[in-house]
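A.B. asks: Below you'll find the structure I mean.
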Amino acid sequence: MKRVGIFGGAFDPPHIGHLRLAEQCRERLGLEELLIVPTYHSPHKPNPSTDFDHRFEMCRLTFQGKIYTVTDIERQIGGEGYTINTLRRIKEGYPKGTKFFLIIGGDMLFYFDKWFRYESILKECTVVAAAREEDSYADLTEKAAELGHVKVLNLPVTEVSSTEIRDRLKSGGDTTGLLTPEVAEYIAENKLYRS
């Protein structure tokens with residue numbers, strides 16, 4: 001039975017923390033494929049500051065390797081990017097019996113029951129919450145038990161955020177070690193995140 005991870009986000013820009021999280025989840029969950037899904041329109045967050053094509057390309061540059069597939073499925077679907085719709089569309093392309101793992105940040109688990117048709121998401125896949133330093137592992141485990149069909153991974157944290165990177169880039173600050181060299185070069189070439 002194939003094990004497929006789904007890792008979505010604005011990726012504005014994708015950074016080393018995203019890459020490490022993906023690698024750790026691949027290892028801990030025994031994933032054979034990991035789909036990287038840049039959001040097109042997120043119902044939960046304001047629209048990203050960078051257009052989809054740039055974010056898609058930066059994801060391709062960040063997540064290299066046979067296991068990763070960067071997909072524009074949310075753009076294909078259009079409209080509000082509800083996770084349940086994305087998940088069902090993804091599943092259509094895989095054989096019956098494939099096991100799916102939806103990877104989310106631990107902080108998101110605390111309001112997961114506010115997501116559109118969250119019960120359906122829990123029926124269609126295993127939700128994997130990655131504990132971060134500011135989340136207590138015990139609180140996450142308690143929330144996971146309440147929701148059911150949720151796995152909590154206690155992972156070493158890479159303290160970096162896309163917001164912090166955008167702020168540094170706007171002010172001409174240093175982002176060494178926060179982005180892959182390919183993405184740093186792409187941002188410079190395309191003059192992204194400048195004030």
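Bear in mind that the values in this text are calculations on the coordinates, not laboratory data. It should be emphasised that the depicted structure is a prediction, and the values quoted were computed from it without experimental measurement. Here the Cβ is made from the backbone with ideal geometry for all residues, glycine too, and neighbour counts use every protein chain on show.
A.B. asks: Can you check what the net charge comes to around D113, using other residues whose Cβ is under 12 Å from the Cβ of D113 (Lys, Arg +1; Asp, Glu -1)?
C.D. replies: The answer is +1.
A.B. asks: Add +1 for every Lys or Arg and -1 for every Asp or Glu among the other residues with Cβ under 12 Å from the Cβ of R26, and state the total.
C.D. replies: After counting each charged neighbour, the total is 0.
A.B. asks: Dipole magnitude of region 42-127 about its Cα centre, charges +1 at Lys/Arg Cβ and -1 at Asp/Glu Cβ only, in debye to the nearest 20?
C.D. replies: 360
A.B. asks: What are the residues whose amide H is under 5 Å from the amide H of V128, where those residues sit 5 or more places off or on another chain and H is modelled from the backbone?
C.D. replies: The list, which skips near neighbours in sequence, is L102, I103, I104, K151.
A.B. asks: Roughly what would the spin-label model give for Q24 and D107, points 7 Å off Cα along C-beta, in nm?
C.D. replies: Placing both labels 7 Å beyond Cα along the Cβ direction yields 1.5 nm.
A.B. asks: Report the number of Lys pairs in the chain whose alpha-carbons are under 19 Å apart, with separation of 8 or more residues or on distinct chains.
C.D. replies: Counting lysine pairs in the chain gives 20.
A.B. asks: Something else now. Evaluate the relative contact order of region 1-159 (contact order divided by residue number), counting alpha-carbon pairs under 8 angstrom at least 6 apart; express in whole percent.
C.D. replies: Once divided by the residue count of region 1-159, the mean separation gives 24 percent.
A.B. asks: Step through the residues of region 86-103 one at a time and calculate ³J(HN,Hα) from phi using the Karplus curve (6.51 cos²θ - 1.76 cosθ + 1.60, θ = phi - 60°), rounding each to whole Hz and writing x for Gly and Pro.
C.D. replies: 4, 4, 5, 5, 4, 4, 4, x, 10, x, 4, x, 5, 9, 10, 10, 9, 8
A.B. asks: Oh, and also: May I have the pair-distance distribution P(r) for region 98-159, computed from all Cα-Cα distances with 10 Å bins from 0 and rounded to whole percent?
C.D. replies: 24, 56, 19, 1
A.B. asks: A further question follows. Hey, with R₀ at 45 Å, roughly what FRET efficiency would D167 and Y94 work out to, going by the Cβ-Cβ distance, to 0.05?
C.D. replies: Computed FRET efficiency for D167 and Y94 comes out at 0.70.
A.B. asks: For region 34-107 and region 111-171, compute the distance between their C-alpha centroids and round to whole Å.
C.D. replies: 16
A.B. asks: Separate question: Per-residue HN-Hα couplings for region 53-67, Karplus 6.51 cos²θ - 1.76 cosθ + 1.60 at θ = phi - 60°, whole Hz, x for Gly and Pro?
C.D. replies: Result, rounded to whole Hz: 4, 5, 5, 4, 5, 5, 5, 4, 6, 7, 9, 9, x, 4, 6.
A.B. asks: Starting with the highest mean, order 112-122, 14-24 by the number of other Cβ atoms within 10 Å, averaged over the residues of each peptide.
C.D. replies: 14-24, 112-122
A.B. asks: Sequence-distant or interchain residues sharing an amide H contact under 5 Å with G9, placed H: which?
C.D. replies: Amide H neighbours of G9, under 5 Å, 5+ apart: V37, T39.
A.B. asks: Would you mind checking the tilt of helix 16-29 against the longest principal axis of the Cα atoms of the chain, expressed as 0 to 90 degrees and rounded to 10?
C.D. replies: Here the helix axis deviates by roughly 20 degrees.
A.B. asks: Using a Förster distance of 22 Å, how high is the FRET efficiency between V157 and K45, based on the Cβ-Cβ distance and rounded to 0.05? Walk me through the numbers on the way to the answer.
C.D. replies: Working: r = 21 Å, r/R0 = 0.96.
Approximately 0.55, to the nearest 0.05.
A.B. asks: Let's see if you can work this out: charge +1 on each Lys and Arg Cβ, -1 on each Asp and Glu Cβ, no other charges. What is the dipole magnitude of the chain about its Cα centre, in debye to the nearest 20?
C.D. replies: Computed charge dipole of the chain: roughly 640 debye.
A.B. asks: Taking the chain as a Gaussian network, where each spring joins two C-alpha atoms under 10 Å apart, which residue of Y68, Y111, Y82 fluctuates the most?
C.D. replies: Per the Cα network of the chain with a 10 Å cutoff, Y111 tops the list.
A.B. asks: Residue by residue through region 146-163, which ³J(HN,Hα) values in whole Hz follow from phi under the Karplus form 6.51 cos²θ - 1.76 cosθ + 1.60 (θ = phi - 60°), with glycine and proline marked x?
C.D. replies: Running phi through 6.51 cos²θ - 1.76 cosθ + 1.60 with θ = phi - 60° gives 5, 7, x, 6, 10, 10, 9, 10, 8, 10, x, 8, 10, 6, 7, 10, 4, 4 Hz.
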